[in-house]
Amino acid sequence: MKVHVPRELYLKVAAVLLAVVVWFVAGAEISKTQVDTVERFVTTDVEVDGAPPEFTVETRPRDVEVRVRGPKYLVEPLDGSKVKAYVSVAGRGEGEYAARVQVSAPEGVQVVEIIPASVGVKMDAIVSEDFQVRPGIIGYPAENNVPLEPELWPRFVTVIGPRSQVESIEEVVAHIDVSGVTSAISKSVKVNPLDAAGNIVADLSIQPQTIRMFVPIRKMLIIPLGEEGSDEVQEPIAPGDELGPLPD
């Protein structure tokens, strides 16, 4: 007996077979891509392990280049957040050292090379020291006005930071601008720690960061010397007329 097979059934079977063939071909291509071995460099920051909380640690350089090798699908998406470089300073004290860089990478990825293989490590104890603030005046007041000695509150600040940086401080200064003023001026001004060359010493904690500075202004009298009025001399006004000091 002859069995009649509908044409639609033939088409469905052919479609299924075609789908199976496509699936196998695609799977083979994916497998081939996944096993392709590649190499590349990844830049990552150097982290520090084992540092006591009362120390600061600085590495030079701050990052390294890591050459990795592995399957393409693992290596291509790598970045500095997945490849970790670190040095250990456990048991060490203040000073400068050379430390070997260690690297951890995801499973299946091989670390081939680290550039540089070692970095310089500088460890500093955190210290604090009090400094008297030196006031400075910028600019000139209006004509016939003279700035007097500034008054500061507070006069001392506390500087906290790595010992080597705190010890490099020559002085702590605060400046106030009196350009064009005609009367006493009072402002909150920022304090800056300076080294012997006059450069700001950065990365320090200063308490307080700003102080109050008061600058009295004294007016000058112009007194003619002769009838022609060609020569003049400046005399200060009476002390009782000058402006008052910074209030407590």
note = Expected single match for of a type in the set (A, V, I, L, M) and in contact with a Phe, Trp or Tyr (Cβ under 8 Å, 6 or more places away or on another chain) among Val201, Val178 is Val178
request  = Considering each residue of the range 88-120, count those that are small (Gly, Ala, Ser), out of contact with any Phe, Trp or Tyr (no Cβ under 9 Å at 6 or more places or on another chain) and either surrounded by 13 or more Cβ atoms within 10 Å (Cβ to Cβ) or in a strand (DSSP E or B) (or both), and give that number.
outcome  = 6
request  = Taking the options Asn199, Asn192, name whichever one is closer than 30 Å to Pro61 by Cβ, touching a His at 6+ places or on another chain (Cβ under 9 Å) and not assigned by TED's automatic domain parsing to the domain that holds Glu54.
outcome  = Asn192
The listed residue being touching a helix residue (DSSP H, G or I) at 6+ places or on another chain (Cβ under 6 Å), of a type in the set (A, V, I, L, M, F, W, C), farther than 18 Å from Ser205 by Cα and not assigned by TED's automatic domain parsing to the domain that holds Ile222, out of Val64, Val87, Val109 = Val109
request  = From (1) closer than 30 Å to Gly180 by Cβ; (2) touching a residue at least 12 places away in the same chain (Cβ under 8 Å); (3) not in a strand (DSSP E or B), pick out the condition that doesn't hold for Glu143.
outcome  = (2)
query = Taking the range 60-83 on its own, how many of its residues are hydrophobic (A, V, I, L, M, F, W, C) and part of a strand (DSSP E or B)?
reply = 3
Restricting the range 114-153 to residues that are over 18 Å from Arg60 (Cα atoms) and of a type in the set (Val, Ile, Thr), the residue that is farthest from the chain's Cα centre (by Cα) = Val146
ask   = Does Gly91 fit the bill of being closer than 16 Å to Glu54 by Cα and more than 25 Å from the chain's Cα centre (by Cα)?
value = yes
Among the residues listed as Ile137, Ile169, the single one being crowded, with 16+ Cβ neighbours inside 10 Å, farther than 30 Å from Ile223 by Cα and touching a Pro at 6+ places or on another chain (Cβ under 9 Å) = Ile169
query = Does the range 196-245 hold any residues that are charged (D, E, K, R), surrounded by 13 or more Cβ atoms within 10 Å (Cβ to Cβ) and modelled with pLDDT under 95, and which are they?
reply = Arg218, Lys219, Glu242
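The values are calculated or read from the model by the stated rules, or taken from the named source; none is laboratory data. Predicted, not measured: the structure shown is a model, and the values here were computed from it. Quick reminder, even Gly has a Cβ in these numbers, built from the backbone with ideal geometry, and neighbours come from all protein chains shown.
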